[in-house]
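Heads up: the structure comes next, in structure tokens.
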Amino acid sequence: MTFSQAVYEYLKTVPRGKVVTYGMIARAIGHPRAPRQVGNALHHNPTPVVVPCHRVVNREGRLAPAFAFGGMEIQAALLEREGVKVEGGYVDLSKYLWEGK
């Protein structure tokens with residue numbers, strides 16, 4: 001399995017209404033020093049409907065300023081449709097962070 005495939009498979013496990021960080025994904029797939037590579041993999045996500053890359057935020061809960069599939073406004077709309085409140089481009093990690101796998 002490639003690095004990108006591992007990122008996509010992990011992200012498919014994140015439930016609706018929850019978010020994870022780039023660093024969390026990197027650690028979960030065994031590459032703790034590769035959060036930027038996670039971002040790169042997500043930017044090239046071939047199946048954004050299947051792999052919910054909109055559920056990934058930075059370590060402060062900030063949305064991606066250059067969300068690959070339509071910009072920050074689209075990412076916010078997708079999250080809000082799942083019940084995640086976005087304020088000023090940020091998600092409250094104390095409420096919405098998924099600490100599963």
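The values are calculated or read from the model by the stated rules, or taken from the named source; none is laboratory data. Because the structure is a prediction, the values reported are computed rather than measured. In this analysis, Cβ positions are derived from the backbone assuming ideal geometry, glycine residues included, and neighbour counts consider all displayed protein chains.
Per-residue answers, yes or no, for (1) at pLDDT below 95; (2) of a type in the set (Gly, Ala, Ser); (3) surrounded by 12 or more Cβ atoms within 10 Å (Cβ to Cβ):
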position	(1), (2), (3)
Ser4	no, yes, yes
Tyr8	no, no, yes
Pro32	no, no, no
Ala41	no, yes, yes
Ala64	yes, yes, yes
Phe67	yes, no, yes
Gly71	yes, yes, yes
Out of curiosity, is Thr13 in contact with a Lys or Arg (Cβ under 6 Å, 6 or more places away or on another chain), part of a loop (DSSP other than H, G, I, E, B) and not basic (Lys, Arg)? yes
Which residues, counting only those in the range 5-27, are in contact (Cβ under 8 Å) with a residue 12 or more places away in the chain and over 13 Å from the mean Cα position of the chain (by Cα)? Ala6
With the requirement that a residue be assigned to a loop (DSSP other than H, G, I, E, B), aliphatic (A, V, I, L, M) and under 20 Å from Val86 (Cα atoms), what does the range 16-69 give you? Leu63, Ala64, Ala66, Ala68
What is the number of the single condition among (1) modelled with pLDDT of 95 or more; (2) farther than 16 Å from Leu79 by Cα that Arg55 does not meet? (2)
For the subset of the range 10-28 comprising residues that are surrounded by fewer than 21 Cβ atoms within 10 Å (Cβ to Cβ) and hydrophobic (A, V, I, L, M, F, W, C), which member is farthest from Cys53 (Cα to Cα)? Ala28
